[in-house]
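Peer 1: Structure below; questions to follow.
The values are calculated or read from the model by the stated rules, or taken from the named source; none is laboratory data. Being a predicted model, the structure only gives us computed values, none of them experimental. With ideal geometry, Cβ positions are generated from the backbone for all residues, glycine too; neighbour counts draw on all protein chains shown. Side chains included, ligands, DNA and RNA excluded: accessible areas come from the protein's heavy atoms. Shrake-Rupley method; radii C 1.70, N 1.55, O 1.52, S 1.80 Å.
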Amino acid sequence: MRSNQVTPVWAGALAGIVAGAVALGVAQLGAGLVRASSFPVLAVGDWVVDLSPAPLKEFAIRTFGENDKNVLIGGVLVVLTLIAAGIGVVARRRRAYGTAGLALFGVVGLVAVLTRPGATAADALPTLAGVAAGALALSWILRRATPSVREVSAGDVERPGVMWAPGMPYAFDRRRLLTGAAGGVVAAGAAAVVGRSLSGARAVDAARVNVAIPAPAVPAPPLPAGVDLRIRGLSPFVTPNADFYRVDTALIVPQVDPRAWTLRVHGLVDRPIEITYEELLRRPLMEADITLACVSNEVGGPLVGNARWLGVRMADVLREAGLRPEADMLLSTSSDGFTCGTPVDVVMDGRDALFAVAMNGEPLPVAHGFPVRQVVPGLYGYVSATKWVVDVKATRFDTDEAYWTPRGWSARAPIKTESRIDVPAEGATVPAGRTTIAGVAWAQHKGVDAVEVRVDRGAWREARLAQVPGPDTWRQWALDWDATPGDHTLEVRATDAAGYTQTEQRAPVMPDGATGWHTIDVHVT
Ligand SMILES: Nc1nc2c(c(=O)[nH]1)N[C@H]1C(S)=C(S)[C@@H](COP(=O)(O)O)O[C@H]1N2
Ligand SMILES: [Mo]
């Protein structure tokens, strides 16, 4: 036991942080060998996501947008750094304290890793290896920094930075601490880099590039010529994949190898089936233009996008499995354990509800659900659009609950009729004279029949509407406006084909989608 008083607090903290880095680096390396989701930092982050209350999650999505996950991981790392520093400080007194601290750390990591959906005993290995490596690194660095007096030559003792007091068995050597710490950082970095490159991402990217999606048996009709008004600043009718919003609970995008993928259909069916990716691609594929929307989209928000999807009709697969009449919910599960509960009647009513394999002419991007996801026109994503889907259970709303339901969101959630002003932008300065107000409106599976705009709470004026291929996409609209100098308020409302006109009534996104008119202020000069 090298109990000594001469190692300063900062040195202990540094040794602790480096040991923590070694632990994470080795765990990352282990995760590269076992599988990406067994990296304990991610598992702890996933835990935080699952346990944090819905308003906090919404706050995170609103504040950090698509960076919410990086901010969360950053937060976890900051906390880990502080704990690691503390462990190093107590380890100066007694190495056993340091080992105990790291072990405690490891237990938290292990619980997080092993309670993830689909976890196996092998998933414990990266955490165990990381903790062991961290403990070794901590004791090595501290021992190195406090050589016994016998090891310290007279010359060393006189060197600046070597501090020891007569009568103490060990001296503190700053240079040896710093070189030890540097060695630890290099080892941690190397392990992390190798671990990351081993993680399946590359393999799945390669598999995705090699997928050949067959031609559709039922192609979508060509888009009408007037589908896109081509106004600068207006959302294009087709959202490019790279610009398509992304919302999910996954901290790392699930890497699903299409060769290993299967879809299991079971529950209230007469003939449970399991389909491989190859078998799915051999079925008749149909193409459809469908606008997806997120329930968390604020009025005027960006969480909506339109794409051309290609996939197998869910209804065909379910009929083949012998869906029983008592089933009223399809509980779909993703490879990472997320679930959606979709009403059976919606999926079976003839609309283009798909097990989709392609998006805008390419295999699904990995972040959008490769190899297979659900797309159901007319329902918010959280009750229908399961990405990386692997399992569909025919069941009942009174027996099963999907991921978001116990977290306060409605079990059933049809998309609400909405409209958004894209140009001018909120707060924009517009030159006086004739200008164009334009945007998009959506009422999936009903269709948009009219869009009206009013300026400064004046009379509603009807906008001109772009063409649409059907009722399942958003619809562009535009209106000319003779802008007069001063500050103005613009408002928009849509009427759907069922005759419903959006009201001014504001509802929050929770529990089943926001309502109200998108309202923006502009300055005309
Ligand atoms: N596996 C999985 N699928 C999921 C989710 C998720 O968290 N995990 N989120 C859903 C939600 S809330 C929405 S709005 C859509 C978003 O799909 P996108 O990311 O492709 O735009 O995916 C749905 N599918
Ligand atoms: Mo969503």
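Peer 1: For the chain, which whole percent of the accessible surface, found with a 1.4 angstrom probe, sits on carbon and sulfur atoms?
Peer 2: 60 percent
Peer 1: Hey, another quick one. Amide H of Leu379: which non-local residues (sequence gap of 5 or more, or other chain) have their own amide H closer than 5 Å, using H built in the peptide plane?
Peer 2: Ile415
Peer 1: Using θ = phi - 60° and the Karplus curve 6.51 cos²θ - 1.76 cosθ + 1.60, what whole-Hz ³J(HN,Hα) does each residue of the range 285-297 get, with Gly and Pro shown as x?
Peer 2: Once rounded to whole Hz, the list reads 9, 10, 10, 8, 8, 9, 9, 8, 9, 9, 4, 7, 6.
Peer 1: Which whole-number value in Å² is the accessible area per residue of the chain, probe 1.4 Å?
Peer 2: Per residue, the chain has an accessible area of 44 Å².
Peer 1: Scanning the chain for helices, which whole DSSP H stretches are 27 Å or more long along the axis (Cα) and average 0.5 or more by Kyte-Doolittle?
Peer 2: Result, helices passing both filters: 9-33, 68-91, 95-114, 125-145, 174-198.
Peer 1: Can you give me the orientation-averaged projected area of the convex hull built on the Cα atoms of the range 227-310, in nm²?
Peer 2: 8.9 nm²
Peer 1: Calculate the dipole size of the range 295-446 relative to its Cα centre from +1 charges on Lys and Arg beta carbons and -1 charges on Asp and Glu beta carbons; express the result in debye to the nearest 20.
Peer 2: 300 debye
Peer 1: Counting other Cβ atoms within 10 Å, keep those with at most 10, restrict to DSSP loop, and tell me which chymotrypsin sites (Phe, Trp or Tyr not before Pro) in the range 44-86 are left.
Peer 2: none
Peer 1: Per residue Cα convex hull volume for the range 241-407, in cubic angstrom?
Peer 2: 112 Å³
Peer 1: On to the next question. Find the percent of Cα-Cα distances in the chain that exceed 41 Å, and round it to a whole number.
Peer 2: 37 percent
Peer 1: At q = 0.16, 0.32 Å⁻¹, what log₁₀ I(q)/I(0) does the range 302-352 have when each alpha carbon counts as one equal point scatterer in the Debye sum?
Peer 2: Taken in order of the listed q values, log10 I(q)/I(0) reads -0.61, -1.21.
Peer 1: If you scale each eigenvalue of the Cα gyration tensor by 5 and take the root, what three semi-axes come out for the range 9-199, rounded to whole angstrom and sorted largest first?
Peer 2: 36, 17, 14
Peer 1: So what is the diffusion coefficient of the range 418-524 in µm² per second by Stokes-Einstein at 25 °C and 0.890 mPa s, using a Kirkwood Rh over Cα pairs?
Peer 2: Rounded, D is 173 µm²/s.
Peer 1: Would you mind listing how long the range 380-458 runs along its three principal axes, going by Cα atoms, in whole Å with the largest first?
Peer 2: 60, 24, 23
Peer 1: Could you calculate, for the range 277-337, the ratio of the Cα radius of gyration to the Kirkwood radius, expressed as Rg to Rh?
Peer 2: 1.05
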